[in-house]
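To keep things clear, I will list the structure first and then write my remarks on it.
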Amino acid sequence: MNRVFPSRPVLAVGAVILDGSRVLLVKRGQEPLKGRWSLPGGVVELGETLTDALAREVVEETGLDIRIGPLVEVLDIVHRAPDGRVHYHFVVADYLCRAAAAALRCGSDADEARWVEASSLDDYELTEKAASVIHKALALARDGGWAFGFQAK
């Protein structure tokens, strides 16, 4: 399936990986948003569950094994070309996660990976949607999101 000018939306997953008041950001190495800071994640492959895809993508981008918690949000990311055609359309399921093991390293689809204090997120010029998902995940974690629903991946 084409990701650029697709015939239908592309299903993807994202991880809001928290470590106390820090969140893991990656600098995207590929389009869309190449060179911008965002959450680790990527496209679900045929036959993968959402959580299997998320665990695979996070390892590929950051080297981290994760524990996957509750769903934070499902959102559409639609970018249009100047002529109005849909250039990208992703439906992204973002999950609250935490690192289970392994050392952070930059992987294949990311140019950089970094733990960032929540209070410094504005310094990273995140998209409005990414910032919103992170803040929802932080609130969920404060309200007990760590206490239920985590799967080892």
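The values are calculated or read from the model by the stated rules, or taken from the named source; none is laboratory data. Just so it is clear, the model here is predicted, and its values are computed rather than measured. Glycine gets a Cβ as well: all are built from the backbone with ideal geometry, and neighbour counts include every protein chain shown.
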Which of the numbered conditions does ALA101 fail, given that it passes all the others? Conditions: (1) under 30 Å from ASN2 (Cα atoms); (2) free of Cβ contacts under 8 Å to residues at least 40 places away in the same chain; (3) out of contact with any His (no Cβ under 8 Å at 6 or more places or on another chain); (4) surrounded by fewer than 19 Cβ atoms within 10 Å (Cβ to Cβ).
(1)
Looking at segment 94-112 only, could you name the residues that are closer than 21 Å to GLY144 by Cβ and either modelled with pLDDT of 90 or more or under 12 Å from the mean Cα position of the chain (by Cα) (or both)?
ASP94, TYR95, LEU96, CYS97, ARG98, ALA99
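Listed here are the residues, each with its yes/no results for (1) surrounded by 17 or more Cβ atoms within 10 Å (Cβ to Cβ); (2) within 28 Å of GLY144 (Cβ to Cβ); (3) in contact with a Leu (Cβ under 9 Å, 6 or more places away or on another chain).
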{"site": "ILE17", "(1), (2), (3)": "yes, yes, yes"}
{"site": "GLY29", "(1), (2), (3)": "no, no, no"}
{"site": "LYS34", "(1), (2), (3)": "no, no, no"}
{"site": "LEU39", "(1), (2), (3)": "yes, yes, yes"}
{"site": "GLY42", "(1), (2), (3)": "yes, no, yes"}
{"site": "TYR88", "(1), (2), (3)": "yes, no, no"}
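Within segment 51-62, does at least one residue satisfy the condition of being over 24 Å from SER132 (Cβ atoms) and at pLDDT 95 or above?
Taking every residue of segment 51-62 in turn, at least one turns out to be over 24 Å from SER132 (Cβ atoms) and at pLDDT 95 or above.
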Taking only pairs six or more apart or across chains, which ones have beta-carbon atoms under 9 Å, a first residue in segment 45-72 that is free of Cβ contacts under 8 Å to residues at least 24 places away in the same chain, and a second residue that is basic (Lys, Arg)?
GLU45/ARG56; GLU48/ARG56; ARG56/LYS153
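Would you confirm whether any residue within segment 136-148 is touching a helix residue (DSSP H, G or I) at 6+ places or on another chain (Cβ under 7 Å), over 24 Å from LEU11 (Cβ atoms) and surrounded by 15 or more Cβ atoms within 10 Å (Cβ to Cβ)?
There is at least one residue in segment 136-148 that is touching a helix residue (DSSP H, G or I) at 6+ places or on another chain (Cβ under 7 Å), over 24 Å from LEU11 (Cβ atoms) and surrounded by 15 or more Cβ atoms within 10 Å (Cβ to Cβ).
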